[in-house]
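Input: a single structure, listed below in structure tokens.
Where a number appears in this text, it was derived from the coordinates with a stated rule and is not lab data. The model shown is predicted, which means the values in this text are computed figures rather than measured ones. All Cβ positions, even for glycine, are placed from backbone atoms using ideal geometry, and neighbour counts span all protein chains on display.
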Amino acid sequence: MRKAVQRLVPILLLLFWPATLTLATGPSTAEFKIVPIAHNGKGVVLFKTYYTVNATGGHSYQEVEFGWLVVSANGLWEEALDRVFDPDKVPEAQQTETWDRYHKEFQQDFRWASPPLSVRPLMRKYGFTKHQGFSRTTGAGVGRWEPERVCVRRSCTRGRTVLRSLHSFRSESGKGLPVKSSFYFAGVAVFNSSVDEDDKSHGAKYFIPIRDAEARSMDPGVDYWSVDGIVIIRGKTKRRGQYHLR
């Protein structure tokens, strides 16, 4: 019996060797970007978005969603898809060129003369125009996020400071490190939070699952991530210098 088992060991190793190589990947990652484009003069803000989760830590190209987001301090939140880079649907010979082109176009300034078809319904619906565009640093550093409060310039509030991001992801209440805003306008503040490969973190804490699990305790979550999140400041209360948060 023992000799039979010994003969099977090399065979089993050969059978499972490819699977072992497949699993030998890097850490899992996620990146959610929210980049300001324009406002409509009534407090409604248009963003372009980037969403990708590499749950397995694979080194090949991963699926990326490019889209649009409309937000206002009155509670408006509308996400719309622009296009998806799906490596399973792009021929291998074209993947590098397609990946580079999609990312280059995302990084470029918004094309007001010929906007993508996917965003035109939002432009008509909310009245976004070129003369109300933003620079990418509008309101940078104006706001400060902390786990228990948010400050705009010298005015602070203690309240609900949970950040909302793409696909309904939200930061964990009361957890994280202080971070300054990357954007602020008309009560809409964007804060970037991250954990990098040196385990250095800043900003809010997010849990991003790497698989569908019945219980959260069964899912370790993504290892490293960079997430843009939004908190809404709805205006001053009767108490001087204080703000309501949504």
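One table, with the values for the structure above:
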quantity	calculated
Residues located in segment 62-81, provided they are part of a loop (DSSP other than H, G, I, E, B) and touching a Ser or Thr at 6+ places or on another chain (Cβ under 8 Å)	62, 63
Residue match in segment 116-124 (condition: under 30 Å from residue 88 (Cβ atoms) and in a loop (DSSP other than H, G, I, E, B))	yes
Flag if residue 61 is more than 19 Å from residue 168 (Cβ to Cβ), touching a helix residue (DSSP H, G or I) at 6+ places or on another chain (Cβ under 8 Å), crowded, with 17+ Cβ neighbours inside 10 Å and aromatic (Phe, Trp, Tyr)	yes
Hits in segment 105-156 (condition: of a type outside the set (Phe, Trp, Tyr) and in contact with a His (Cβ under 9 Å, 6 or more places away or on another chain))	132, 133
Count of residues meeting criterion [touching a Gly at 6+ places or on another chain (Cβ under 6 Å) and either without any contact (Cβ under 8 Å) to a residue 60 or more places away in the chain or under 19 Å from residue 192 (Cβ atoms) (or both)] in segment 29-56	1
Selection count where residues are surrounded by 15 or more Cβ atoms within 10 Å (Cβ to Cβ), basic (Lys, Arg) and assigned to a strand (DSSP E or B), scope segment 156-214	2
